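Engineer: I have a structure here, written as structure tokens, and I will follow up with some questions on it.
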Amino acid sequence: MMRFPIFILCLSLVTHYAVSEMTEKQIKATKKLIRNTCQNKSKAPTEELDAMLKGNFDQSKAAQCYQYCIMNTYKLLRTDNSFDWEAGIKALKANAPERIAGPGSISIENCKDAMKTTNDKCKGSMEIAECIYKDNPENYFLP
């Protein structure tokens, strides 16, 4: 008889930890992995990627395609290359701690119409990333 309540307690603990947000360490590791993967795919110079983290989005085509890789990895683009901002907010709220998810969600919604160049997935992705940065530079969350 005592086994069932213990089973329920263990199940609830496992479920809680299985659906919890990512830790700081996990976020840092994920961002590093995505940055390395997308940098290798796009061949974007490290200096340009670092410059974007400081707000300088006037970069090469390779850096624009790096941003496309980021958007594609996070599943933020639809098949027609439009910005799937609703999916971005949903994913952010499900996976990131509130200190990132709260301000990040606001920036994503504020930038829902940022993509002007839908015929160039790389340039359009850069437009989204730049908008998210300019909306709230202190809480910019893209790698």
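Engineer: In contact with a Lys or Arg (Cβ under 7 Å, 6 or more places away or on another chain), surrounded by 15 or more Cβ atoms within 10 Å (Cβ to Cβ), at pLDDT 90 or above and more than 20 Å from GLU130 (Cβ to Cβ), is that true of ALA101?
Structural biologist: Judged against the criteria, ALA101 is a match.
Engineer: Taking ALA63, is it modelled with pLDDT of 95 or more, more than 19 Å from ASN110 (Cβ to Cβ) and either surrounded by fewer than 16 Cβ atoms within 10 Å (Cβ to Cβ) or aliphatic (A, V, I, L, M) (or both)?
Structural biologist: Taking the combined requirement at face value, the residue satisfies it.
Engineer: Of the residues LYS123, LYS90, LYS75, only one is in a helix (DSSP H, G or I) and closer than 27 Å to MET22 by Cα; which?
Structural biologist: None of the other options fit; the residue is LYS90.
Engineer: Would you mind finding the one in LYS32, LYS54 that is closer than 16 Å to TYR140 by Cα and not in a helix (DSSP H, G or I)?
Structural biologist: LYS54
Engineer: Within the set of pairs 6 or more residues apart or between chains, which connect a residue that is closer than 11 Å to TYR140 by Cα inside segment 85-111 to a residue that is among the hydroxyl-bearing types (Ser, Thr, Tyr) and surrounded by 15 or more Cβ atoms within 10 Å (Cβ to Cβ) with Cβ atoms less than 9 Å apart?
Structural biologist: So the pair list comes out as GLY104/TYR140; SER107/TYR133; SER107/TYR140.
Engineer: So which residues in segment 38-63 are over 18 Å from the mean Cα position of the chain (by Cα) and of a type in the set (Ser, Thr, Tyr)?
Structural biologist: THR46, SER60 - these are the residues of segment 38-63 that are over 18 Å from the mean Cα position of the chain (by Cα) and of a type in the set (Ser, Thr, Tyr).
Engineer: GLU86 - would you say it is surrounded by fewer than 19 Cβ atoms within 10 Å (Cβ to Cβ), out of contact with any helix residue (DSSP H, G or I) (no Cβ under 8 Å at 6 or more places or on another chain) and within 21 Å of ALA29 (Cβ to Cβ)?
Structural biologist: no
The values are calculated or read from the model by the stated rules, or taken from the named source; none is laboratory data. Worth saying up front: this structure is predicted, and the values here are computed from it rather than measured. Backbone-built Cβ (ideal geometry, glycine too); neighbour counts: all protein chains shown.
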